[in-house]
1. Compare the Cα positions of 95, 46, 78 along the charge dipole of the range 41-127 (+1 at Cβ of Lys, Arg; -1 at Cβ of Asp, Glu; about the Cα centre) and return the one farthest towards the positive end.
2. Using the alpha-carbon centroid of each, what span in Å lies between the range 1-16 and the range 27-51?
3. Calculate one ³J(HN,Hα) per residue across the range 23-38 by plugging θ = phi - 60° into the Karplus curve 6.51 cos²θ - 1.76 cosθ + 1.60, and present them in order as whole Hz with x for glycine and proline.
4. What is the magnitude of the charge dipole of the chain about its Cα centre, with +1 placed on the Cβ of each Lys and Arg, -1 on the Cβ of each Asp and Glu, and no other charges, expressed in debye to the nearest 20?
5. State, as an integer percentage, the relative contact order of the range 41-127 based on alpha-carbon contacts under 8 Å between residues 6 or more apart.
6. Counting only residues 5 or more places away or on other chains, whose amide H sits under 5 Å from the amide H of residue 22 once H atoms are built in the peptide plane?
7. Just to confirm a number: summing +1 for Lys and Arg and -1 for Asp and Glu over residues other than residue 34 whose beta-carbon lies under 9 angstrom from that of residue 34, what do you get?
8. So how tilted is helix 3-14 from the main axis of the chain? Cα-based, degrees 0 to 90, rounded to 10.
Amino acid sequence: MNLLDWAEDYFRHRDLILCQIETIVKNKDNLIIRHNDGIVKKIYITDYINNFDFSLDGDVNNIFVLNNKKNLNFLINHWDELSKHKNLSFYFINPDSSIDKLWIISPYIHSKICEPDNIERSLNSLFSSVCEIK
């Protein structure tokens, strides 16, 4: 199962009880989820983050990536910029992990509760909670 399909399944399963999702449109590198209450979420999905392939000023607020060192290093190296965006969240995924399958980080919130000197260590700790994809 590719990351796009996994993300779609993830959101459908999360919605089983509330039944708020009206439609999910699957594109090449994103999902557009429309809720019954009119809320629209755009989820950017990529195996590897290459620079800023997505617009942080646009409507993307969830980014699904593989749980690998390259993506973790991108997050660490661009932390100052990423932590300025209130609604931005990263989902680090390993669909084949024998332990947890994902970890989620909101840089804006995490930067408020974690001391700047400990950001890298805390991200590495979260990263290790899901098997790394090499």
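1. Of 95, 46, 78, it is 95.
2. Cα centroid of the range 1-16 versus Cα centroid of the range 27-51: 11 Å apart.
3. Whole-Hz 3J(HN,Hα) from phi for the range 23-38: 8, 10, 9, 9, 10, 4, 10, 7, 10, 10, 10, 10, 9, 4, 8, x.
4. 60 debye
5. 25 percent
6. Distant-sequence amide H within range of residue 22: 34, 35, 36.
7. Overall, the nearby charge balance is 0.
8. 70 degrees
Quick note: the coordinates plus some simple rules give every number you see, no bench work behind them. Keep in mind it's a predicted model, so treat the numbers as computed, not measured. When we count neighbours, we look across all protein chains shown, and the Cβ atoms used for this are built from the backbone with ideal geometry, even at glycine.
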